[in-house]
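Just below is one structure, and these are the notes that go with it.
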C-alpha cells in the first residue's frame with residue numbers, strides 16, 4: 001500500500017506540472033485543464049482510484065482570474081483512501097473542462113449538475129443537459145453573482161404560464177436568508193428573529 | 001366529526017317513504033362525505049399525509065380514504081410538500097385533469113407560501129398556479145391538522161350553491 005508521500009512523489013514524477021495542493025485531509029493536486037484528464041486516468045489506472053466520489057466546482061467570483069476551478073474527489077476501494085484533484089478553467093466567460101465520463105460512468109450526472117449550476121462545459125460529455133433546473137432556464141444559480149432569491153424568468157411550460165399568469169419571481173426573502181447567525185443567543189440568531197424589529201434583547205422602537 | 005346535517009332529517013313515521021330537502025343540501029351531502037383525495041405528495045408533508053391515512057388517524061372516518069392516483073377520479077388535490085418551479089406546471093396540469101367539482105388543500109408551509117425555501121428554485125406558494133381552498137400551517141403539519149383542514153373543506157363544500165352551479169356552470 002502506497003502512502004500519501006509516495007502518491008505525491010509518484011504524481012509529481014509522472015506529471016511535473018501537477019503541484020501539491022493545500023489540503024487538511026487527503027492528498028491533493030493542482031492540475032491544468034489540458035492535463036487533468038491524463039492525471040485522472042493515471043490515478044485510476046496506475047494508483048487504483050477506481051471510484052469517483054464527487055465532482056464539483058468553485059466560483060472564485062467574477063473579479064478573480066482564473067474564475068472557475070473544477071474539483072474531483074477520487075476513492076480507492078482497495079486502499080480505502082481519497083485523493084483530490086483540482087484544475088482551473090482557462091476562460092471565465094466560457095469555462096471548459098474535459099469530461100471524465102469515459103473514465104467513470106458515474107461522472108455523467110455530476111458533470112450535468114456542474115454544468116447546470118456553474119455553466120461549465122464538459123467537452124466529450126455524451127448528453128450535457130441541465131439536470132436540476134429545466135431546459136431553457138437562463139441562469140447558472142451557483143455562480144457568485146446570482147442572488148439566492150433568484151431572478152425573474154419564465155416557467156418551464158409556456159402554456160401553463162399563459163393560463164395562470166405565473167412566472168419565476170425573485171423570492172421574497174422576508175428578512176432572510178433563512179439561516180441562523182452563529183454566535184448569538186438562539187432567540188436572536190434564528191431566521192424568524194431577523195424578520196422582527198424587536199425581541200426580548202432589543203426593544204420595539206416603532 | 002362531520003356535523004349532522006340538519007336539513008337532511010327524516011322521520012319515517014311522519015313522512016313515510018318521502019324525503020323532502022333542498023337540492024343543494026342533498027348534493028353537498030354526497031360530495032362532502034366521499035371526498036376522494038389526489039395525493040400530490042412532493043416532500044416530507046407526504047409522510048404526514050400517509051400517516052393521516054393509516055390506522056392511528058384514519059382519514060376514512062371522514063370519507064376521504066380513497067387516495068386516487070388518477071386525477072380523473074379525484075375530487076380534492078392535497079398538495080403536500082415543496083413545489084419547485086420545475087414541478088409547478090405538472091401540478092397545474094394534474095389539477096386541470098381533475099373533473100369538476102374539485103378542491104385544493106395546500107398542506108404545510110412550503111405548499112402555502114414557499115415556506116423556508118426562499119430560493120430561486122421554489123414556487124412561492126401553490127396558490128400562484130391553482131386556486132387553494134384550505135391552507136394548513138405546519139412544517140410538516142401533524143395529521144390532526146390535515147384532518148382539521150379536511151373538516152374545514154367539508155364545511156366549505158356544504159355552503160356551496162351546488163344546484164345553481166350545476167344548472168348554470
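The values are calculated or read from the model by the stated rules, or taken from the named source; none is laboratory data. The shown structure was predicted, so the numbers you read here are calculated from the model rather than taken from an experiment. Glycine gets a Cβ as well: all are built from the backbone with ideal geometry, and neighbour counts include every protein chain shown.
Going by the conditions given, is residue B:158 touching a residue at least 60 places away in the same chain (Cβ under 8 Å) and in contact with a helix residue (DSSP H, G or I) (Cβ under 9 Å, 6 or more places away or on another chain)? So that I can check it myself, show each step before the final result.
Numbers: touching a residue at least 60 places away in the same chain (Cβ under 8 Å): yes; in contact with a helix residue (DSSP H, G or I) (Cβ under 9 Å, 6 or more places away or on another chain): yes.
Yes: the conditions hold for residue B:158.
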Within region A:33-55, is even one residue within 14 Å of residue A:143 (Cα to Cα) and buried (at least 20 other Cβ atoms within 10 Å of the Cβ)?
no
When residues of region A:134-157 are limited to those that are within 23 Å of residue A:99 (Cβ to Cβ) and more than 7 Å from chain B (Cβ to nearest Cβ), the one surrounded by the fewest Cβ atoms within 10 Å (Cβ to Cβ)
A:135
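Conditions tested, residue by residue: (1) at pLDDT 95 or above; (2) in contact with a helix residue (DSSP H, G or I) (Cβ under 7 Å, 6 or more places away or on another chain); (3) under 20 Å from residue B:97 (Cβ atoms).
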position: B:14; (1), (2), (3): no, no, no
position: B:21; (1), (2), (3): no, no, no
position: B:26; (1), (2), (3): no, no, no
position: B:34; (1), (2), (3): no, no, yes
position: B:43; (1), (2), (3): no, yes, no
Output for Cβ contacts, cut-off 7 Å, separation at least six or different chains, first residue more than 7 Å from chain B (Cβ to nearest Cβ) in region A:162-187, second exposed (fewer than 12 other Cβ atoms within 10 Å of the Cβ) and modelled with pLDDT of 80 or more, reads A:167/A:152; A:170/A:152
Yes or no: region A:38-60 includes at least one residue that is within 12 Å of the chain's Cα centre (by Cα), farther than 18 Å from residue A:23 by Cα and not in a loop (DSSP other than H, G, I, E, B).
yes
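Consider residue A:171 carefully, then state whether it is surrounded by 13 or more Cβ atoms within 10 Å (Cβ to Cβ), more than 30 Å from residue A:114 (Cβ to Cβ) and modelled with pLDDT under 90.
Numbers: surrounded by 13 or more Cβ atoms within 10 Å (Cβ to Cβ): yes; more than 30 Å from residue A:114 (Cβ to Cβ): no; modelled with pLDDT under 90: yes.
No, not satisfied.
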Over region B:123-137, the set of residues in contact with a strand residue (DSSP E or B) (Cβ under 6 Å, 6 or more places away or on another chain) and within 9 Å of chain A (Cβ to nearest Cβ) is B:130
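I need a count of the residues in region B:51-97 that are on the phi > 0 side of the Ramachandran plot and surrounded by fewer than 17 Cβ atoms within 10 Å (Cβ to Cβ).
Of all residues in region B:51-97, those on the phi > 0 side of the Ramachandran plot come to B:58, B:63, B:81.
Imposing the further condition that a residue be surrounded by fewer than 17 Cβ atoms within 10 Å (Cβ to Cβ) reduces the set to B:58, B:63.
So the answer is 2.
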Can you tell me which residue is surrounded by the most Cβ atoms within 10 Å (Cβ to Cβ) among those in region B:138-169 that are more than 14 Å from chain A (Cβ to nearest Cβ), assigned to a loop (DSSP other than H, G, I, E, B) and at negative phi?
B:140
Is it the case that region B:101-113 has a residue that's out of contact with any strand residue (DSSP E or B) (no Cβ under 8 Å at 6 or more places or on another chain), touching a residue at least 60 places away in the same chain (Cβ under 8 Å), more than 28 Å from residue A:117 (Cβ to Cβ) and away from chain A (no Cβ under 11 Å)?
yes
